[in-house]
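The values are calculated or read from the model by the stated rules, or taken from the named source; none is laboratory data. No experiment lies behind these values; they were computed from the predicted model shown. Cβ sites come from the backbone with ideal geometry, for glycine too, and all protein chains shown count toward neighbours. Keep in mind that these areas ignore ligands, DNA and RNA; they rest on the heavy atoms of the full protein, side chains included. Shrake-Rupley method; radii C 1.70, N 1.55, O 1.52, S 1.80 Å.
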Amino acid sequence: DILKNEKPTHIGVAFDTMAPTVRHEDFVEYKANREKMPEDLAASIPFVKKLLEGFNIPILYVDGYEADDVIGTLAKQAEKQDFTTFMMTPDKDFAQLVSDKIFMYKPARMGNKAEVLGVKEVCDKFGIERPEQVIDILGLWGDASDNIPGIPGIGEKRSKELIAEFGSMENIFQNTDKLKGKMKENVENFKEQGEQSKMLATIILDVPIEFEEEQLQISEPDTTVLKNLFEELEFRNFAKRFFTEPSLKDSEKSVTHETIQGNLFGSEEDDELGSQFKTAENTPHNYFFVDTTVKRKKLIQLLEKSDTFCFDTETTGKDAHQAELIGMSFSIKPGEAWFVTLPENYNKCLQVVHEFKSVFENNNIQKIGQNLKYDISMLKWYDVEVKGKLFDTMLAHYLLMPDMRHNMDVLAETYLNYKTISYDIITEKTRGGQLTMREVQQQKIDQLVDYACEDADITLQLKNVFEPELLKTKTKKLFEDIEIPLVPVLASMEAEGVKIDIQTLLEYSSQLEEEIKELESEIHQQAGKEFNIASPKQLGVILFEVLKVTDKPKLTKTKQYSTGEDVLQKLINKHSIIQNILDFRSLSKLKSTYVDTLPGMVNPRTKRIHTSYNQAVAATGRLSSNNPNLQNIPIRTERGREIRKAFVPRNENYTLLAADYSQIELRIIAELSGDEGMISAFQEGMDIHTSTAAKVYGISPDEVTKDMRRNAKMVNFGIIYGISAFGLSERLNIPRNEAKHIIDQYFEQYPGIKTYMQYSIENARANGYVETIRGRRRYLRDINSANAVVRGFAERNAINAPIQGSSADMIKIAMINIHNAFKEKDLKSKMILQVHDELIFDAYKEEVTIIKPLIHDLMATAIPMKVPVVVDMNTGENWLEAH
């Protein structure tokens, strides 16, 4: 708004810092009761600074002083140089600085227009003669938000009256005989508090910062920084206005603040969100309603003649294993689509869907969709298998921009400048509430036709945008060889599901309940009183005031005792209650999150649990899952591992088989780095942690102790995540100089690892991304950031993304090859789960001897490497036994 409306010649933005200010030194309680900054706002601050960096607007701060003091100091310095200065703030404290050359600029908010306050406006508002008298008013009145106490009994109205009568706080103290009753008593008794409050309310004007006129002058923006930032934040409005206006396409024209004001911020007529987008209402299109046998027959004939078509399903819900089909939409060319409505009765619906079976199962026709796994899964329940070449726009965009969102509405706005029909609009009731999609089909069929046809039409258009981009970024092979072939594999696994032994979980829940009660009783006995163990506040009081487990308890930003797991782990040897509390928390979470929840997730249709795999969430390329999240089932503790007992084979003719990559990320870093020492250790079949410990400590493998191996293991796994000497010392509870020595020795023994790490960072700085063995990219826009913390995070990603991503690619390739092999051999055994580096199979007992070597070979050779790939494999009557 400032740049657009006021066109300043100079600008700067002041920030507070984390350092305590001089006010805190004088008054410890200053701002003590202010609430912690909301997390979403705190997370936004780095982006605010990036935006300022993009506009080349200086960021101003001085440790020990508040942003208010920085603004005040610079405003007064500018005044001396005859500048007219506007302090952009709604904070009443700034009124004390207003002069003939300094103004308050209160930004527009809540429907009110921006307001400029000069000397007259401030004096009228506070009923005073001079703006600096605002300080006296604030000294008397206090400020609850800053925890400035003021003088009891004196509020806003009375403070203004007193300063209007006496002129200053000092005059009031000299004339208390003219006051009466409680007012006189309070002013005399709280004189020092009033003086201190005035001091706290006074904006400091001698901050050690210089008014550098040239530095604050409006300058050209950094278009590269802004473009990357707009893409990252999905600021499609700003990006479009800034980078696609015709006047900006001429490379000889520079982007100036004048063009920013005209293009980026737009005109007042263009302020409403969405007014610049194309929509179904303002874009020519032909959408057809297919509701008869004759119309369906004509559509099928059209589809059969096409080399490719886009399709989408409309259903009653998001869970493909419980939802029902409502309709299907098809598109062959942009701007044209058909919607086939389907009967509610399953058998009648099945008949209509089967009319399209020959089209869906035609290997010669390419099928396009957005999140095709869902549509393929839906059609499986109607005895239709989608065959032929596939193109999934969600997955294409995932490879092109892994850190962005990939839903169709966002993609349409970003790449087609098109705003789709909202789901909430078509399911909206006229008198509150929300219609189901089945009700929409029955009551608003015209809207449903447009909504469904648009999905197929827009998805087809997105395919035409993304396909050439896959070629440009050299990710088409990854798309066609890994991500797309994985779609039917995951759909098949989801449809199979896994059987759960509910009785085992019920019994385990009762056992955990008893253990939790015993721990609770023991904790209360150790504390000497009963309290709510789940309350961090009550727990903090018990630990640090009653039991005094440490002399230096860690405090949160809200001045509460910190009782997080990381804090308690460091105090575990201080008192036996600590371990009990950690156990109490662990068992409580285990019971509520998994043991008591899993039985309710059994599908009533299949009596099995069907997790949903997310192929386009983790930027590293790893799969994630939800409903339930199998990746998070705890395995590090004996109690956590017990949950796996409940995962069982489908019947007595089957057994569970688990196949797990051994130390795959370490093997991949050895491969990527080419470090001879590490490769040799793996080739010789040595225990890598023992081998590392022997090298680091300069001893033979036989002399390595458990502690040495533990230290080496932490370094082996931590090094790819950029673990520091401080981090290692914290995790291993060893002195920092010892941790540093271990890391130094590690790099001395494995110089190839250090070279790889340095190369990865330099490569990322040069290209803006890193790649896996198979060419999966991870873009790192912060790799050249001036902010050391932000840059450090990007550097760590530059090192570990190729490792994690290569591991993800490897297991995906193995899954595809195993699925296809099982299919070719017409085996009864099925792959049912993928968790981290592990695959779980419902193995037909008579096929175990056939599939074990098959699975082993296909996993071990998924990505050919010099470093041997080890696969551990076992079978059992439940997942725990098999693992």
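Summary of values
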item	result
Residue in the range 377-386 that is under 23 Å from LYS476 (Cα atoms) and surrounded by 15 or more Cβ atoms within 10 Å (Cβ to Cβ) present	yes
Elements of type strands (runs of 3 or more DSSP E) contained in the range 825-883, each with 2 or more residues being of a type in the set (Phe, Trp, Tyr)	838-844
Members of the range 464-479 found to be open to solvent by 20 Å² or more (accessible area, probe 1.4 Å), assigned to a helix (DSSP H, G or I) and not β-branched (Val, Ile, Thr), listed by number	ASN464, GLU467, PRO468, GLU469, LEU471, LYS472, LYS476, LYS477
Which numbered condition CYS123 misses (of (1) out of contact with any strand residue (DSSP E or B) (no Cβ under 6 Å at 6 or more places or on another chain); (2) open to solvent by 60 Å² or more (accessible area, probe 1.4 Å))	(2)
When residues of the range 696-714 are limited to those that are in a loop (DSSP other than H, G, I, E, B) and among the polar types (S, T, N, Q), the one surrounded by the fewest Cβ atoms within 10 Å (Cβ to Cβ)	SER700
Residue list for the range 528-552, filter: in a helix (DSSP H, G or I) and among the hydrophobic types (A, V, I, L, M, F, W, C)	LEU539, VAL541, ILE542, LEU543, PHE544, VAL546
Yes/no for LYS387 being assigned to a helix (DSSP H, G or I), more than 14 Å from CYS310 (Cβ to Cβ) and modelled with pLDDT of 95 or more	no
Any hit, the range 587-596, residues being outside any loop (DSSP other than H, G, I, E, B), touching a Phe, Trp or Tyr at 6+ places or on another chain (Cβ under 9 Å) and surrounded by fewer than 17 Cβ atoms within 10 Å (Cβ to Cβ)	no
Residues located in the range 202-223, provided they are open to solvent by less than 60 Å² (accessible area, probe 1.4 Å) and farther than 21 Å from PHE55 by Cβ	THR202, ILE203, ILE204, VAL207
Of all residues in the range 722-737 being surrounded by 14 or more Cβ atoms within 10 Å (Cβ to Cβ) and either modelled with pLDDT of 90 or more or in a helix (DSSP H, G or I) (or both), the one that is farthest from the chain's Cα centre (by Cα)	ARG736
Scope the range 163-180; condition in a helix (DSSP H, G or I) and either closer than 21 Å to GLY127 by Cα or open to solvent by less than 60 Å² (accessible area, probe 1.4 Å) (or both); matching residues	ILE163, ALA164, GLU165, PHE166, MET169, GLU170, ASN171, ILE172, PHE173, THR176, LYS178
Selection count where residues are free of Cβ contacts under 8 Å to residues at least 24 places away in the same chain, in a helix (DSSP H, G or I) and not β-branched (Val, Ile, Thr), scope the range 200-230	3
Filtered residue count, the range 336-354, keeping only those that are assigned to a loop (DSSP other than H, G, I, E, B) and open to solvent by 20 Å² or more (accessible area, probe 1.4 Å)	3
Restricting the range 839-874 to residues that are closer than 22 Å to VAL489 by Cβ and hydroxyl-bearing (Ser, Thr, Tyr), the residue that is least open to solvent (accessible area, probe 1.4 Å)	TYR844
Residues (farther than 28 Å from MET708 by Cβ, touching a residue at least 60 places away in the same chain (Cβ under 8 Å) and either touching a Gly at 6+ places or on another chain (Cβ under 6 Å) or surrounded by fewer than 16 Cβ atoms within 10 Å (Cβ to Cβ) (or both)) located in the range 738-778	THR772, ARG776
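Here's the yes/no breakdown for (1) basic (Lys, Arg); (2) closer than 27 Å to ILE102 by Cβ; (3) touching a Leu at 6+ places or on another chain (Cβ under 9 Å):
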| residue | (1), (2), (3) |
| --- | --- |
| VAL122 | no, yes, no |
| LYS125 | yes, yes, yes |
| PRO131 | no, yes, yes |
| LEU140 | no, yes, yes |
